[in-house]
Amino acid sequence: MGQHSIGVDKLGFDGLFLTEHHFDEWTVLPSPNIFLTALAMKTKRLRLGAGVHVLSIHSPIRLAEEAGMIDVLSNGRVEVGLGKGNFQFEWDRYTPPRSEADARFDENFALLMKALNETRFTFLGKWNRIAKPSTIYPKPLQNPLPIWIAGSSPDSVVKVGSLGQNLASAGIPDGGERFERYLEAAHKAGHQFSGANYMIVTSVIIAPTDQEARRLAERNREIMVDTFMRRDYKLDSPDFVNTLPFFSGALVGSPATVRDQLIFLLRDTRARRLIVNLRFRGIISEVSRQSQRLFATEIIPHLRHLPIQ
């Protein structure tokens, strides 16, 4: 993993975001901050983030403290991604029920922001109580610390804009609908944002030819379907239908094909930040590294020149 991250740094990627999942051997990353600390020591330039911390189940004080530590250790390269979590498989095993996810996220976010930005703060909530004036240490080097909140539904997009935070969303064409909704909510709350505050997430499988890329994607999809079924997901469940593309290859083809697909996607959604998943369970490491090299050399240069709206 260390050598892989160093390679990503040298290839010219801007950053590396880690996800958080629990209770199986598929995504062995229950604590992104531990891994981000290791990456902070092994890289010099990469932005380092989580996409996302499941804030509804975390201690916001601990998360603020760890974010401050990693930002100091990385010399100001941390970005914090936050979300409510998605897989029902995991929510069935968390202590708080999924019915409390929204309320816990809201309270934990309010406390997280106090902890990151204030000294001698107090907080009296339903699940968090800090009666004596408190200050976390170390404070992040960046002020403000970049924060991304995941949201795709109309209500969640409006909520992120109203909070004045960066939006991370699914890489699905929508003619700029989510972006406009986000901008309008942010403007009403007194914030002026652009596509630089909007990040989309998609998955990419690249090979020298379209035919080879499709073959890799078909094999990977079979393995990922089996993986989801082992997690007790039904093939028609929302978790399966909505999530499978992000683990099986939403965009597939040669560098030229994927480049054109990504340019269309970024122009359509009007996002100007992009996370691409380039490693999959059903594709061997050497092939994933090929995708990374092709993406870095054949695609990234064409995306950097898209104007920010």
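Looking at Arg304, Arg293, Arg272, which one is more than 17 Å from the chain's Cα centre (by Cα) and in contact (Cβ under 8 Å) with a residue 12 or more places away in the chain?
On inspection, the qualifying residue turns out to be Arg293.
Provide a single number: the residues in region 20-57 that are loosely packed, with under 15 Cβ neighbours inside 10 Å, part of a helix (DSSP H, G or I) and among the hydroxyl-bearing types (Ser, Thr, Tyr).
Number of matching residues: 0.
Please go through (1) hydroxyl-bearing (Ser, Thr, Tyr); (2) closer than 20 Å to Val80 by Cβ; (3) out of contact with any strand residue (DSSP E or B) (no Cβ under 7 Å at 6 or more places or on another chain) for Tyr198 and return the number of the only condition it doesn't satisfy.
That leaves (3) as the condition not met.
I'm checking my understanding of the structure. Among residues of region 83-139 that are among the β-branched types (Val, Ile, Thr) and surrounded by fewer than 16 Cβ atoms within 10 Å (Cβ to Cβ), which one is farthest from Met69 (Cα to Cα)?
Checking each candidate, the answer is Thr95.
Out of Ala110, Ala115, Ala67, Ala103, I need the residue that is aliphatic (A, V, I, L, M), more than 18 Å from Ile147 (Cα to Cα) and modelled with pLDDT of 95 or more. Which one?
Ala103
Considering only region 76-106, how many residues are touching a residue at least 24 places away in the same chain (Cβ under 8 Å), outside any helix (DSSP H, G or I) and farther than 21 Å from Pro140 by Cβ?
Total satisfying the criteria: 8.
What are the pairs with Cβ atoms under 6 angstrom where one residue, in region 35-62, is touching a residue at least 12 places away in the same chain (Cβ under 8 Å) and the other, located anywhere, is among the charged types (D, E, K, R) and surrounded by fewer than 16 Cβ atoms within 10 Å (Cβ to Cβ)? Sequence gap at least six, or different chains.
Correct list of pairs: Arg47/Asp14.
Taking region 187-209, which residues are of a type outside the set (Val, Ile, Thr) and closer than 27 Å to Leu16 by Cβ? First the steps, then the outcome.
Going residue by residue through region 187-209, those that are of a type outside the set (Val, Ile, Thr) are 187-199, 203, 207-208.
Correct list: Phe193, Ser194, Gly195, Ala196, Asn197, Tyr198, Met199, Ser203, Ala207, Pro208.
Within the bounds of region 252-260, is there any residue that is surrounded by 15 or more Cβ atoms within 10 Å (Cβ to Cβ), of a type in the set (Gly, Ala, Ser) and modelled with pLDDT of 90 or more?
Yes, because at least one residue in region 252-260 is surrounded by 15 or more Cβ atoms within 10 Å (Cβ to Cβ), of a type in the set (Gly, Ala, Ser) and modelled with pLDDT of 90 or more.
Go through region 107-171 and tell me which strands (runs of 3 or more DSSP E), entirely inside it, have 3 or more residues that are over 17 Å from the mean Cα position of the chain (by Cα) and either of a type in the set (Ser, Thr, Tyr) or farther than 19 Å from Glu79 by Cα (or both).
Answer list for region 107-171: 121-124, 129-134.
The values are calculated or read from the model by the stated rules, or taken from the named source; none is laboratory data. What you see is a predicted model; the values in this text were computed from it and never measured. Backbone-built Cβ (ideal geometry, glycine too); neighbour counts: all protein chains shown.
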